[in-house]
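Step one of this worksheet: look at the structure below.
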Amino acid sequence: PKIVTVKTAADVAEYTADVFAAAIKSNPKIVLGLATGSSPIGCYQRLVERSRGGEFSFAQATSFNLDEYIGLDADHPQSFRHFMQSQLFDLIDIRPSNTFVPDGKCPDVAKHVANYELKITEAGGIEIQLLGIGTNGHIAFNEPGSAADSRTREVSLTRQTIESNSRFFPSIADVPTTAITMGIGTILEAKQIVLIATGAGKAKAVAEAIEGPMTIDCPASLLQSHPNVIFVVDQAAGSGLT
Ligand code: F6R
């Protein structure tokens with residue numbers, strides 16, 4: 001993998017926005033893979049500013065998000081659909097019907113996940129996928145132990161992830177315990193992958209992902225098999241790298 005170590009979280013956002021802006025400019029009909037969480041916020045802010053400044057347009061783009069909690073309505077403040085609307089989609093010219101986020105309230109999860117995979121395929125596959133990384137090495141909601149060839153499916157969240165995400169909910173009991181996530185196999189089919197990480201809390205996961213063995217115990221380490229992956233980390237997140 002290519003490893004880009006920059007100084008600060010703002011530099012990670014800037015670098016990543018540059019990569020995405022270049023990709024959108026070279027293919028306005030791009031199919032983007034998007035992530036939620038704190039890591040992508042700075043990148044989204046820059047993409048919003050730059051597209052509003054006229055540098056490029058999302059009008060012909062399509063996006064697929066990695067994951068969504070099961071049980072939360074689209075307009076629940078902690079749903080990933082709500083996050084995407086408020087951080088990105090409502091602020092740019094992407095067509096609402098071209099934005100796909102798994103539906104946490106779908107009546108038939110098995111049918112929904114199969115259809116989600118189908119839609120990605122019909123769109124021509126994901127050209128560039130943005131990823132964060134969990135402190136336990138998870139990517140999307142593929143927790144340790146997820147199969148390398150896993151597809152979009154329903155998963156149970158680990159205690160560690162529930163605890164870590166509880167900071168956004170009134171109490172830990174309010175955090176959903178299940179989610180829909182793209183699989184590792186689904187993610188690995190993206191033509192390019194950009195994983196971003198900031199802060200010392202990610203240093204161990206980043207080091208294991210890049211320098212550790214490829215193992216399902218650290219889902220992000222499975223990215224080592226991908227031919228076109230960039231890890232963009234700030235100094236703190238990269239501090240465990242040799
Ligand atoms: C979000 C996602 C998660 C996060 C990861 C890191 O769509 O799939 O895997 O990328 O939990 O989260 P943050 O960026 O909040 O540290």
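Using the Karplus curve 6.51 cos²θ - 1.76 cosθ + 1.60 with θ = phi - 60°, work out ³J(HN,Hα) for each residue of region 121-133 in order, rounded to whole Hz, and write x for Gly and Pro.
Going residue by residue, I get 4, 4, 6, x, x, 7, 7, 9, 10, 8, 9, x, 9 Hz, with x marking Gly and Pro.
So how much slack lies between Ala148 and Asp90, counting 0.36 nm per residue of separation and subtracting their Cα-Cα distance, in nm?
17.5 nm
In whole Å, how far is the Cα centre of region 33-105 from that of region 161-213?
17 Å
Using label points projected 7 Å from each Cα along Cα→Cβ, tell me how many nm separate Thr215 and Ile162, to one decimal.
Going by the 7 Å Cα→Cβ label model, 2.5 nm.
Quick one: work out the % antiparallel among DSSP beta bridges in region 6-224, nearest 5.
40 percent
So if I place +1 on the C-beta of Lys and Arg and -1 on the C-beta of Asp and Glu, and nothing else carries charge, what would the dipole magnitude of region 105-237 be about its Cα centre? I want it in debye, nearest 20.
200 debye
Sort Asp11, Asp73 so that the residue with the fewest other Cβ atoms within 10 Å of its own Cβ comes first and the one with the most comes last.
Arranged by neighbour count, lowest to highest, Asp11, Asp73 become Asp73, Asp11.
Could you grab the relative contact order for region 6-224? Cα pairs under 8 Å, six or more apart, rounded to a whole percent.
About 22 percent, as a whole number.
Relative to the compact globular guide of 2.2 N^0.38 Å, what is the alpha carbon radius of gyration of the chain, as a ratio?
It is 0.94.
If you rank Cys218, Cys43 by fewest surrounding Cβ atoms within 10 Å, what's the result?
Cys218, Cys43
Net charge near Gly71, counting Lys/Arg +1 and Asp/Glu -1 over other residues with Cβ under 12 Å of its Cβ?
Neighbourhood net charge equals -4.
We did not get these values from a lab; they are worked out from the coordinates using the rules stated. Here the structure is a predicted model, which is why all the values come from computation and not from measurement. Counting neighbours? That spans all protein chains shown, and the Cβs are built from the backbone with ideal geometry, glycine included.
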